[in-house]
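The values are calculated or read from the model by the stated rules, or taken from the named source; none is laboratory data. None of these values were measured; they are calculated from a predicted model. Reconstructed Cβ throughout: ideal geometry from the backbone, glycine too, with neighbour counts over all protein chains shown. Side chains are part of the model used for accessible areas, which takes the heavy atoms of the whole protein and leaves out ligands, DNA and RNA. Shrake-Rupley method; radii C 1.70, N 1.55, O 1.52, S 1.80 Å.
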Amino acid sequence: MKDVLIDLRNITKSFDGTMVLDDLNLSVKENEFVTLLGPSGCGKTTTLRIIGGFVTPDQGQVIFEGKDITSLPPNKRPVNTVFQKYALFPHMDVAENIAFGLRIKGKSKQYIRDKISYALKLVNLDGYEHRQVTSLSGGQQQRIAIARAIVNEPRVLLLDEPLGALDLKLRQDMQYELIRLKNELGITFIYVTHDQEEALTMSDTIVVMNQGYIQQMGTPEDIYNEPENAFVADFIGDSNLLDGMMIEDKLVEVLGARFACVDTGFGTMQPVDVVIRPEDVELVSPGEGTIDGVVSHLIFKGVHYEMEVTARGFEWLVHSTACFPVGTEVGIRVDPFNIQIMNKPVDDDEKAVGNGEMD
Amino acid sequence: MKWTRKLLAGPYLIWMAGFILIPLGLIFYYGLTDSSGAFTLENIMAITDPQRANSLWRALKLALISTVICLAAAYPLAMILKRIAKNRSSLIVFIFVLPMWMNFLLRTMAWQVLLDRNGVINNVLGFFHLPRLNIINTQTAIIFGMVYNFLPFMVLPLYNVLMKIGNDVVEAAYDLGATKVQTFFHVILPLSVPGIISGITMVFVPALTTFVISNLLGGGMILLIGNVIEQEFTFTSNWHLGSGLSLVLMVFILISMALIAKYDKEGEGGAF
């Protein structure tokens, strides 16, 4: 078990009377890649800015290695930030930008020169020392912003949607770069994004947030395979979200048909939410599955076919490498292990809180 | 297509020629000739006359002092405006610029009334049995007038340039360990240099060449180079001498602009 580096305790923050974070608790371990994931307005950036020191929480504490740093200003914190829009200093060249933090700390010229060339090598921009930052591409500027942050040897690097402004291909390359950087530097990364694919690719731990609450926290596999509530299931990846009735342990009724599952402890005759991932829906000959339906849409996606199957009034989203033309009658079968059962939220408020908070 | 585009530039070319280049040429012609039309440097060398040299020196001094006061007053104001909400700061800028909507002469004459020995300010001071101010018809009064009239020209460019500096850059400096003071000197100040330059230019040049402010608030006793040149055109009708002195003044303006531009280039990136 690694040590806890940052501990957010009972953080509450509202802006102009609107609650952004409500009693948030979050622990980040040393040398972890943690992603705060959620839709815009979920409080993920505010959380990051509270760790960075740019926002003071209304209530609660920020603990860093056991010390309360809640009231410490950003320039005194052992963290550095990579900003969404890079925030490079336009009046300085690349080397001066990277040197900024070190010069403030009064490091020697030789030390600074070595650090600059080390950092530029690390972000694959060797020899860019004397370029003007305004002449660089978005991807290059982002690398300089990362280099500028890491030369200060922060214990934690905060990244606020750093890839948001880049195009798809570059974004994917940078994802691998960031993983490599994190492994080479051996420091903690706290990463904010609304892009679930980024989160799944890079993170050790994903924190799914919505409306100021943590919906679920876990490894990418946990979050994807075992979403704790309908919000997480819906937000991470595509999914078929159905109303169901728990008949008894390991048996759930969906759309009038009974599916075997592996979940227990939901009681008998309890309404539940049922999530089935599109790649977990098997299409078989009619009559061989649990329910029958007709293919209503077919799109070729490259890796797989994306189909919609109308069965008992529900449009099932199906990903399959096999192709079933529109109009084909099919049977739908789901492996019990691939059916995810979740408690239904009682009201809207709880919908936001999610089941995870009640566990 | 190309032809019609060129045609669009026509009015501006005519304007440039008719109202800028030809008058400038005439100033050069008058400045470098005597009344018989023969070439002479006499009008230029006339600046060496102690009284005229003094008026130029005085004008440079007062313009410089006014510019420094304007900069010192406007920069903190612009910093405060940057911090407060955009709609409120726009209103405050609007109020600061409001006097510019009124006639320049009227505004300066108002200062005459305010600063007069029996003026508003002295009446108020007298009412409280405080010592009276005796600044009308002094260089101090002229500086008052210059600062009052030209302050908006300093506020506007500074406000514009400071508003353009993104909050993220300031936060980045804090994040990298800079204190508020370090952030100001290493990030905000260097990034605001273009605004400082245009502010200085827009205050210093009109302050250096003014003759109205010195006429009204100096009581005709304190001559600036602008007054000397004006008199050559109005009272003595010596256009040759007036043009010659104008050329000298122009040289001084060019020198000061060159100095500022040089500082600007050195200032770029020279944050440390």
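Summary of computed values
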read-out: Looking only at the range B:170-188, and only at residues there that are within 7 Å of another protein chain (Cβ to nearest Cβ) and open to solvent by 10 Å² or more (accessible area, probe 1.4 Å), the one that is nearest to the chain's Cα centre (by Cα); value: B:Gln182
read-out: Pairs where the first residue, in the range B:188-202, is in a helix (DSSP H, G or I) and the second is of a type in the set (S, T, N, Q) and surrounded by fewer than 18 Cβ atoms within 10 Å (Cβ to Cβ), C-beta under 8 Å, 6+ apart; value: B:Gly195/B:Asn160
read-out: Scope the range B:219-239; condition part of a helix (DSSP H, G or I) and open to solvent by 30 Å² or more (accessible area, probe 1.4 Å); matching residues; value: B:Glu230, B:Gln231, B:Phe233, B:Thr234, B:Trp239
read-out: Close pairs from the range A:249-272: first among the hydroxyl-bearing types (Ser, Thr, Tyr), partner open to solvent by 70 Å² or more (accessible area, probe 1.4 Å) and not in a loop (DSSP other than H, G, I, E, B), Cβ under 6 Å, at least 6 apart; value: A:Thr268/A:Glu248
read-out: Checklist (1) within 14 Å of chain B (Cβ to nearest Cβ); (2) in contact with a helix residue (DSSP H, G or I) (Cβ under 6 Å, 6 or more places away or on another chain) applied to A:His130, failing item; value: (2)
read-out: Residue match in the range A:135-147 (condition: more than 12 Å from every other protein chain (Cβ to nearest Cβ), part of a helix (DSSP H, G or I) and surrounded by fewer than 16 Cβ atoms within 10 Å (Cβ to Cβ)); value: yes
read-out: Complete set of residues in the range A:12-65 that are touching a helix residue (DSSP H, G or I) at 6+ places or on another chain (Cβ under 8 Å), open to solvent by less than 40 Å² (accessible area, probe 1.4 Å) and within 14 Å of chain B (Cβ to nearest Cβ); value: A:Gly52, A:Gly53, A:Val55
read-out: Spans of helices (runs of 4 or more DSSP H) in the range B:1-120 with at least 3 residues of a type outside the set (S, T, N, Q) and over 30 Å from B:Lys180 (Cα atoms); value: B:2-8, B:10-15, B:22-31, B:42-45, B:50-83, B:104-115
read-out: Output for the range B:74-131, where each listed residue is among the β-branched types (Val, Ile, Thr) and loosely packed, with under 15 Cβ neighbours inside 10 Å; value: B:Ile80, B:Ile84, B:Ile95, B:Val113, B:Val120, B:Val124
read-out: Unmet requirement for A:Ala119, which otherwise passes all of (1) more than 11 Å from chain B (Cβ to nearest Cβ); (2) open to solvent by 10 Å² or more (accessible area, probe 1.4 Å); value: (2)
read-out: Subset of the range B:189-209 (residues that are open to solvent by less than 10 Å² (accessible area, probe 1.4 Å) and closer than 12 Å to B:Ala63 by Cβ); value: B:Val203, B:Ala207, B:Leu208
read-out: Which listed residue, of B:Val161, B:Val147, is within 14 Å of another protein chain (Cβ to nearest Cβ), modelled with pLDDT of 90 or more, part of a helix (DSSP H, G or I) and surrounded by fewer than 23 Cβ atoms within 10 Å (Cβ to Cβ); value: B:Val161
read-out: Cβ pairs under 6 Å, 6+ apart, first in the range B:109-136 and under 22 Å from B:Gly220 (Cβ atoms) and touching a residue at least 24 places away in the same chain (Cβ under 8 Å), second open to solvent by less than 50 Å² (accessible area, probe 1.4 Å) and small (Gly, Ala, Ser); value: B:Trp111/B:Gly145; B:Leu115/B:Ala141
read-out: Check on A:Met245, over 24 Å from A:Asp3 (Cα atoms), in a strand (DSSP E or B) and either open to solvent by less than 30 Å² (accessible area, probe 1.4 Å) or of a type outside the set (Lys, Arg) (or both); value: yes
read-out: Flag if A:Phe100 is surrounded by 22 or more Cβ atoms within 10 Å (Cβ to Cβ) and farther than 23 Å from A:Ile206 by Cβ; value: yes
read-out: Positions within the range B:1-54 being loosely packed, with under 10 Cβ neighbours inside 10 Å and either β-branched (Val, Ile, Thr) or under 27 Å from the mean Cα position of the chain (by Cα) (or both), in sequence order; value: B:Thr4, B:Tyr12, B:Thr48, B:Pro50, B:Gln51
read-out: Near pairs, Cβ below 7 angstrom, 6+ apart or cross-chain, from the range A:88-109 (facing chain B (nearest Cβ under 7 Å) and among the hydrophobic types (A, V, I, L, M, F, W, C)) to any residue that is open to solvent by less than 30 Å² (accessible area, probe 1.4 Å) and in a loop (DSSP other than H, G, I, E, B); value: A:Met92/B:Gly269; A:Met92/B:Ala271; A:Phe100/A:Phe89; A:Phe100/B:Leu176; A:Ile104/B:Leu176; A:Ile104/B:Gly177; A:Ile104/B:Ala178
read-out: Subset of the range A:254-292 [loosely packed, with under 13 Cβ neighbours inside 10 Å and of a type in the set (A, V, I, L, M)]; value: A:Met269
read-out: Residue list for the range A:208-222, restricted to those being within 13 Å of the chain's Cα centre (by Cα) and either touching a residue at least 40 places away in the same chain (Cβ under 8 Å) or assigned to a strand (DSSP E or B) (or both); value: A:Val208, A:Met209, A:Asn210, A:Ile214, A:Gln215, A:Gln216, A:Met217, A:Gly218
read-out: Per-region count, the range A:286-304, residues assigned to a strand (DSSP E or B) and in contact with a Phe, Trp or Tyr (Cβ under 8 Å, 6 or more places away or on another chain); value: 4
